[in-house]
Structure formats: structure tokens, C-alpha cells
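Some notes on the structure that comes next.
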Amino acid sequence: MNRTAVAPPRVRPAGHAVLRPGRASFLVHRRAALVAVALAAALLAAVVAYLCVGESFVPPGSVVDVLLGRPSPDTFVVGTLRLPRLTVGLLAGLAFGVAGALIQTVARNPLASPDIIGVTHGAGAATVAAMSFGLAGYTALPYVSVAGGLAAALLVYAFAWRRGMHASRFVLIGIGVSVALGSLTQLFLTKGDFLVAQQAKVWLTGSLNSRGYEDAAPLATVLLLAIPAALWAARAQRGASLDDDTAASLGIRLDRVRLGLTALGVVLASVATGACGPVDFVALLAPQIARRLSRTPQTPLLSSALTGALVVVVADLLARRLFSPVELPVGVLTAAVGAPYLMWLIARGRSRSGGTS
């Protein structure tokens, strides 16, 4: 008597839905999807408020007219002064959010982010050196920033690698490299031209002042080219979150996955730094907020990107208006929120380790 083997039915995880566009199928976490929609709505509201609020208030109807290309008396204020700056901040926030999510996934540590482990410091040191000594033109600075960020990441990876990459070692070595690169940046500032050094100091605080479409173009290009890699990274996160033995038993080449995720995160963070300077703590905050809202095992990339953009847009709006007519760099606002959060994470980690010992 012939017996036909029957495959066990696939069990859908609780809280998930399956989307089947054509022959493909995707497993979607319902809460994460709702959080992404809510974040997108909040970001849209922040964008409208950003374009409306300033030294002169512009009605939302006029903002819509300008965005749609209709004649409006506020075209100069909205389209020339505010929209280019908003575009740079929006794209930089998206890049920082994804970069932070990827690096925290690889390091398995909420303390890991491009500004903590030396990536943005490497990008900043290379950019300041190019500005202070005239090594590259203004249009080439984003590419110099990418090169500096990659060099810093390779340095951290080389020192952290010892028959594998341990998460805590990766973070500690990254912090050491950040301190060293910060000192090197200060040396470049003292040795370069005085006027250029003053401009570099403003850039180092992370500022969107006077940013335009020429700053947004390289960032937009990299983000568009990174979409296929981001789709791969969303799937690869599941394997990267496993321990080495489990990943090996499943046939996952964990070292290659981690290297790919890290490279993507480094490139995004470096290009964003080149566009608007090292806006600290956005890459640290955004993934943690997104993960707590979504309650997913892995950090959701889309929600992290939207949260990063929302943080930068709101922070820059406050930086423009809190002490008007004086404008603060956006990095000052993000640091004022991110530094206490970092100290809270460290204190929370110590209390947990003390309680389990």
C-alpha cells in the first residue's frame, strides 16, 4: 500500500499577516505595519509644520500650492528657503535611522550606533581634513566623508575581530576609535586655515543651515541605490540576530551577513554625515524607539528610517524657533535628548548585570 507523505501545515506566527502580490508572499508584522503608518502620518504633519513655521507664518494652503507648483506669493520662502533644508534633513534622518538599526543588529547592543563606534567620527575627521587643508572641493566632501567612515569602520572591525566578532568588544573598540578620531579632528582644526576651521567647527555640530539640493543629491542617490540592499538586509536581520552555533547549524554564513549589514550601515551613515555633519544620537535613538513601538524581535528598518527622519525634522524645527532669532545647530538638540538616553541605557545595563550576578 502506497503512502503519500503529507507536509505539515505552515504555522503563521501570531500577530502576522501574509501578503501575496502575484506569486510572491511576504510575512508582515501587523503592529509594525500600523506603527509605520502612524510614523509616516506624524512625519507628514511635521513636514507641513516645518514649511509653515518660521520668521513669517505660511498658511498650509500656500504650502500645498508651492509643493504642487502652483503660483503663490510664498514660493520664495517655502520653495527656496525652507524646502531644500527640509529635504536634506529628511533624507539624512532616513539614512541615520537605517544605519543605526543595522549596526545595532550586528553588534546586538543598543549602545551601538555610527556615532558611538567611530563611523561618523571617521567621516568627520576626513571631511575636516579636506576642508582645513583644501584637499577636496565642496562638491567632493560627501565622497570624502564616505571614505573616512569606511576607513574608521574597517579599523574597528580589524581590531574587534578575533576568531569572530564579539558584540561588547566591537562596541568598546569603537568607542576607543571614536575618542582617537575626535582628537585627530581637533588637531586638524588647529593646523588648518583659521576661517575654514571656523566653518568646519560649525559643520561638526551638525547643522542644516544653508543646506540645499546640491547637498541632498548625493544622499538621495545613495538611498535609491540602497533600496535593494535594504530589502536584503530586512531578511538578513533574522540570521544576524542568531548566535553563532545556531546560525552555523542552519547553514547561514554569519560573518558575511554581518559584514554586509555593517557595510550598508556605514555607507548610509557616512553619506548622511557628509551632507549635514555628524548629527549625533539620531542613529542611536531611532532604532530603539521604533523597536519599542513595534515590539518586534528584530529592529524594523522602515520604522527606524521614519523615526530618524521625524527626529531630525522636529529637532531642526525647534532649533530654528526655540531661541529665535538665534538658530541652533540641529545636532545640539539631538545631543540634548540623546546624551541622557545614552546614560540611561548604560545605567540600566549595569543594574541588570548587577541583579543577575
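The values are calculated or read from the model by the stated rules, or taken from the named source; none is laboratory data. Because the structure is predicted, anything quoted here is derived from the model rather than measured. Cβ: placed from backbone, ideal geometry, glycine included. Neighbour counts: every protein chain shown. Calculation scope for accessible area: heavy atoms of the full protein, side chains included, ligands and nucleic acids excluded. Shrake-Rupley method; radii C 1.70, N 1.55, O 1.52, S 1.80 Å.
Separation between the Ala38 and Lys191 pseudo-spin-labels, each 7 Å from Cα along Cα→Cβ, expressed in nm? In this crude spin-label approximation the distance works out to 5.1 nm.
Run the numbers for Ala45 and Trp344: contour at 0.36 nm per residue of separation, minus the present Cα-Cα distance, in nm.
Working: separation 299, 0.36 × 299 = 107.64 nm, distance 2.96 nm.
Once the chain is fully extended between Ala45 and Trp344, it gains 104.7 nm.
The Cα atoms of segment 113-242 cover 50, 32, 21 Å along the three principal axes, with the biggest extent listed first. Expressed as a fraction of 2.2 N^0.38 Å, the C-alpha radius of gyration for segment 258-357 is 1.24.
Ordered by 1.4 Å accessible area with all protein chains kept, Lys201, Lys191 run largest first as Lys191, Lys201. Where the alpha-carbon atoms of segment 81-122 are placed on the principal axes, they occupy 40, 19, 11 Å, in descending order.
So what is the diffusion coefficient of segment 52-147 in µm² per second by Stokes-Einstein at 4 °C and 1.567 mPa s, using a Kirkwood Rh over Cα pairs?
Rounded to a whole number, D works out at 79 µm²/s.
Between Arg292 and Ala140, take the C-beta separation as r, use R0 = 41 Å, and let me know the FRET efficiency to the nearest 0.05. All intermediate terms of the calculation are to be shown ahead of the outcome.
On the way: r = 39 Å, r/R0 = 0.96.
The pair Arg292/Ala140 has a calculated efficiency of 0.55.
Extending 7 Å from Cα along the Cβ direction at Phe323 and again at Tyr213 yields two label points whose distance is 3.3 nm.
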